[in-house]
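Read-outs: derived from the displayed coordinates by stated rules, not from any lab. For clarity, every value in this text was computed on a predicted model and none was experimentally measured. Heads up, the Cβs are rebuilt from the backbone with ideal geometry, glycines too, and the neighbour counts pull from every protein chain shown.
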Amino acid sequence: MYVAQPIEWTEKGVVMLDQRRLPAQEISYTYTDYLGVAKAIREMVIRGAPAIGVAAAMGVAIGVQKSTATSLEALKPEFAHICDTLAETRPTAVDLFWALERMKRRFAELVQSSAPLAAIREALVAEAKLVHQEKKATDEAIGRFGAEFMPQEGQVMTQCNAGALATGGIGTALGVIRVAFEQGKKLHVLVPETRPYLQGARLTAWELHRGGIPLTLITDNMVGHFLKTGKVGAIVTGADRIAANGDTANKIGTYQIAVLAKENNVPFYIAAPVSTFDLSIAGGEQIPIEERAAAEVTHIQGVRIAPDVHAAHPAFDVTPHRYIRAIFTERGVATAPYTESLKKLAAAPALGAGR
Ligand code: MRU
């Protein structure tokens, strides 16, 4: 089945598929410096929490590879600056900070072992590639755990795009749907368009269509109607950050879907890697919510659809844990009470890959 490739490390640089142009055009760019990678994350050439993490890791690697530093002492402050620049791109998805922490840990190990500069450059590229590779294995494991919870047949719903484009693997929420579909479950996916950035209409619809998975595109204000009348068996979405109590930030609109799911007795699930956990915060009210440009609300693909008025654009919302039936991860399935189950999964051994 077709799997989109949003990002790839190549000899020439970091190649990214420009997701802003999908589905009309499939155009890729090659980024040869970390500033370009940071701009690509900020401007949504690449998006989706795990894919942002992969891009950040590759951004660090290319930054160090292209650095003109000739001594470790000169490289150290430059390395810190590269990480800080990438950290300032998008605030909500914790995978970004997870990936930067991982690259910092690897750098510290290399410094500790007095590795020569050339070896440091090489090892950081290898680490970034490993982060990408691990995402693939992670998605597949999430898919296997989550597929068990999908109905044998009928409609399921998602939100935004938590597919291959958002992770660099097979996707989290769409990975669950994909694995269930490949197991022979006869699923039909309801895809809310996900205003204002239209990740549902542009990206999820494109991915499912290319993958041969039947779908129906709906507008966001049809969600309640379909949950009430449409025989929806399950909802599965991705996550950008999961607090210690299970409160989950995801694309704006997810919260209202979860509330409507509860009202209509439809199970609402989250599919996300353990790297999306932020156990340092107790609850969702501490999750920083990215505020994006109002122009993304007043305009669609550059065409003004509203008068020149004030418009708000919180890019994410937080779904309280009480609406979440289960969280599928690569290490197993968490259920309430999440303060215990998430802690347990965080402490469980990571998937095989490793260095
Ligand atoms: O603003 P985006 O497109 O980066 O938001 C993406 C989402 O909200 C996804 O659902 C989330 O990152 C999970 S992706 C596997």
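Among Ala312, Thr329, Ala348, whose Cα lies farthest out toward the positive end of the dipole of the range 281-355, if unit charges sit on the beta carbon of Lys, Arg (+1) and Asp, Glu (-1)?
Ala348
Mind listing the phi-derived Karplus ³J(HN,Hα) values for the range 316-329, rounded to whole Hz, using 6.51, -1.76 and 1.60 with θ = phi - 60°, and x for any glycine or proline?
Residue by residue, the range 316-329 yields 9, 9, 10, 9, x, 4, 5, 8, 9, 6, 6, 10, 8, 10 Hz.
Rounded to the nearest 5, what is the percent of antiparallel bridges among the DSSP beta bridges in the chain?
50
Search the structure for amide H atoms under 5 Å from the amide H of Gln159, placed 1.01 Å from N in the peptide plane, and list their residues when 5 or more places away or on another chain.
Gly238
At 0.36 nm per residue, minus the direct Cα-Cα distance, what do Gln25 and Glu122 gain on full extension? Give it in nm, one decimal, please.
Residue separation times 0.36 nm, minus the Cα-Cα distance, leaves 31.5 nm.
Could you size up the charge dipole of the chain around its Cα centre, putting +1 on the beta carbon of Lys and Arg and -1 on that of Asp and Glu, and report it in debye to the nearest 20?
520
Can you work out ³J(HN,Hα) from phi for every residue in the range 282-299, in order, using Karplus 6.51 cos²θ - 1.76 cosθ + 1.60 and θ = phi - 60°, giving whole Hz and x for Gly and Pro?
Computed from phi, the couplings for the range 282-299 are 6, x, x, 5, 8, 7, x, 9, 5, 9, 9, 4, 5, 4, 6, 9, 7, 10 Hz.
Which entries in the list Lys262/Lys344; Lys76/Lys251; Lys12/Lys185 go over 30 Å, if you measure between the two C-alpha atoms of each?
Lys76/Lys251; Lys12/Lys185
Considering the chain as a Gaussian network with a 10 Å cut-off on Cα pairs, which listed residue, Leu190, Leu203, Leu215, attains the greatest mean-square fluctuation?
Of Leu190, Leu203, Leu215, the most mobile in the Gaussian network model is Leu215.
Considering all alpha-carbon pairs of the range 19-115, what whole percent are spaced by more than 16 angstrom?
Percent of Cα pairs beyond 16 Å in the range 19-115: 54.
Which whole-Hz ³J(HN,Hα) couplings does the range 215-222 yield from phi under the Karplus relation 6.51 cos²θ - 1.76 cosθ + 1.60, θ = phi - 60°, glycine and proline marked x?
Calculated HN-Hα couplings, in order: 8, 10, 7, 10, 7, 4, 7, 9 Hz.
Relative contact order of the chain: what whole-number percent is it, with Cα pairs under 8 angstrom and at least 6 residues apart?
16
Identify all aspartates and glutamates with a Cα-Cα distance to Lys231 below 18 Å; exclude those on the same chain that are fewer than 8 residues away in sequence.
The qualifying aspartates and glutamates are Glu153, Asp220, Glu263.
Restricting to bridges with both residues inside the range 83-223, how much of the DSSP beta-bridge set is antiparallel, in percent to the nearest 5?
Counting only bridges with both partners in the range 83-223, antiparallel ones make up about 10 percent.
Can you tell me which of Ile270, Ile235, Ile120 moves the most in a GNM of the chain? Springs connect C-alpha atoms under 10 Å apart.
Checking each option, the largest mean-square fluctuation is seen for Ile120.
Give me the orientation-averaged projected area of the Cα convex hull of the range 204-303, in nm², one decimal.
It is 8.4 nm².
If you wrap a convex hull around the alpha carbons of the chain, what volume per residue comes out, as a whole number of Å³?
Looking at the chain, the number lands at 134 Å³ per residue.
Among bridges DSSP assigns within the range 152-237, what percent are antiparallel (round to 5)?
Expressed as a percentage, antiparallel bridges in the range 152-237 total about 10.
Taking a ≥ b ≥ c as the square roots of the Cα gyration tensor eigenvalues, with a/c under 1.5 meaning rounded and otherwise prolate when a/b beats b/c, else oblate, which class fits the range 10-54?
Oblate.
Using the Cα centre of the chain as origin and beta-carbon charges of +1 (Lys, Arg) and -1 (Asp, Glu), tell me which of Leu165, Leu75, Val54 is placed farthest towards the positive end of the dipole.
Most positive-ward Cα: Leu165.
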